[in-house]
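Below you'll find the structure, written out as structure tokens, and then a few comments.
The values are calculated or read from the model by the stated rules, or taken from the named source; none is laboratory data. Just so it is clear, the structure is predicted and the values come from calculations on it, not from any experiment. Don't worry about glycine lacking a Cβ; one is built from the backbone with ideal geometry, like all the others, and counts go over all protein chains shown. Heads up: the accessible areas ignore ligands, DNA and RNA and are worked out on the full protein's heavy atoms, side chains in. Shrake-Rupley method; radii C 1.70, N 1.55, O 1.52, S 1.80 Å.
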Amino acid sequence: MLNLDTLLLVQICVTLLTTALLVASACYADSPPEQRWWAAGNVAVSIGMVMCNVDGLPLLVNNILGYGVIAFGIALVLRGLRVYCNNTLSWTTIGIITGIALVVMAYYTLVAPSLRARLCFSGFYYAILNWMCAFAIARRGSWRVSGIAVAGFVLLGVALFLRGTHMLTHSDPADAASSLVMALSTLAVPLAQICIAFGVILMVMWRYAERLRRLSTLDALTGALNRAGLEMQGKRTGLRAQRGGRSLAVIMIDVDFFKVINDTYGHPVGDEVLRHLARLVRLELRPHDLLARFGGEEFVLVLDGVDRPSALKVAERLRARIEYEMVELDKLSVRYTASMGVVCSDQHDYDLIRLISAGDAAMYEAKRAGRNRVAAG
């Protein structure tokens, strides 16, 4: 027979250890907000479990406040999960979640005392809260990243729900069968907590890795791809187009007289011109098109499934829009133009380096022809 007191001690120890792990990881200055909510929630759950399981405490603490603190902790964890998924959970909702636990436990402690009722309610209620946590991250997708955490919350909910169901169907919570169910559910809880702790840390690691990936492949000023990002994603785009038998077009864009803009208005205005250009170009792009900052004021567009006549139309539309728009910064209004070179795989094959070189040559032809125009290569 599993010893319930030993399992409760193991459960509390695992809770404290996973809490310490989450708190330590949340103490970094740059830790994401959801990580701090998870840590705070686990601290509250740990305190609540101690309050519920330490003998000799007043009934108000042992049978009422302890369960309310556990509910409050799970609500904080749920808030952190929703923040991770770019959402939130209001303090009103957190208060309602906590208040329900306090009111029900107070009723079955002071008005109609019943250990069985308290165990049934806590099993069902905490199971629902944990399933809400699982649902919060499951609906976001990314099972490769969040699957372990979802499994942990589901397992914890199942263990608690089975405990509540068994208490509901058995009149004596102290008989042998009930003790076995309590022991098994208590054994499942620390296993689920380990899965949850490992899962949420994996989610944070993935978030950091994604941030590093973005920093390494994106231009910090404009948000466009940098040369490393262009090389990595451009090759994949070229291979997809080649395998599908589609044309691949490249448009090189260079801001005219950019040095004059910097010298006349200052570098902040020059930076705003580049950001403005990137924003305008994005408005013309499809989701799978690529925009990269290739040099100081030079940008590259990679268009999958676009032949040269269509690419020339896109470039001319962009050129006209750039000429028409105005950059405004600190009460300054600046107009600028751009020269563009257009090339296509139909004439230059699918090698991205060769296409960019040919597009660059076409762009300089446009500059030599008077700037603010489009040239085909």
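Annotations
- Qualifying residue in segment 62-76 (condition: in a helix (DSSP H, G or I), open to solvent by 20 Å² or more (accessible area, probe 1.4 Å) and over 20 Å from Cys120 (Cα atoms)): no
- Residue identified as open to solvent by less than 10 Å² (accessible area, probe 1.4 Å) and touching a His at 6+ places or on another chain (Cβ under 6 Å) among Val342, Val327, Val302: Val327
- Look at (1) open to solvent by 50 Å² or more (accessible area, probe 1.4 Å); (2) small (Gly, Ala, Ser); (3) at pLDDT 90 or above and you find that Ser247 fails only one, number (1).
- Within segment 279-299, tally of residues that are surrounded by fewer than 17 Cβ atoms within 10 Å (Cβ to Cβ) and farther than 19 Å from Tyr364 by Cβ: 9
- Count of segment 77-107 residues which are surrounded by 22 or more Cβ atoms within 10 Å (Cβ to Cβ) and not hydrophobic (A, V, I, L, M, F, W, C): 3
- Residues satisfying the stated conditions in segment 292-348, i.e. among the charged types (D, E, K, R), in a loop (DSSP other than H, G, I, E, B) and either in contact with a Cys (Cβ under 6 Å, 6 or more places away or on another chain) or more than 24 Å from Asn226 (Cα to Cα) (or both): Asp307, Glu325, Asp330, Lys331, Arg335
- Residue that is least open to solvent (accessible area, probe 1.4 Å) [pool: residues in segment 349-377 that are under 27 Å from Gln242 (Cα atoms) and part of a loop (DSSP other than H, G, I, E, B)]: Gly377
- Tally, over segment 210-255, of residues that are in a helix (DSSP H, G or I), in contact with a strand residue (DSSP E or B) (Cβ under 8 Å, 6 or more places away or on another chain), of a type outside the set (A, V, I, L, M) and under 28 Å from Arg371 (Cα atoms): 2
- Note on segment 209-238: residues that are open to solvent by 60 Å² or more (accessible area, probe 1.4 Å) and without any contact (Cβ under 8 Å) to a residue 12 or more places away in the chain total 7.
- Selection from segment 305-316 of residues that are open to solvent by 40 Å² or more (accessible area, probe 1.4 Å) and at negative phi: Asp307, Arg308, Pro309, Ser310, Leu312, Lys313, Glu316
- The set of residues from segment 193-215 being among the β-branched types (Val, Ile, Thr) and closer than 15 Å to Pro33 by Cα comprises Val200, Ile201, Val204.
- Checked against (1) over 18 Å from Arg79 (Cα atoms); (2) free of Cβ contacts under 8 Å to residues at least 12 places away in the same chain, Phe135 passes all but a single condition, namely (1).
- Residue within segment 34-49 that is over 31 Å from the mean Cα position of the chain (by Cα) and modelled with pLDDT of 85 or more present: no
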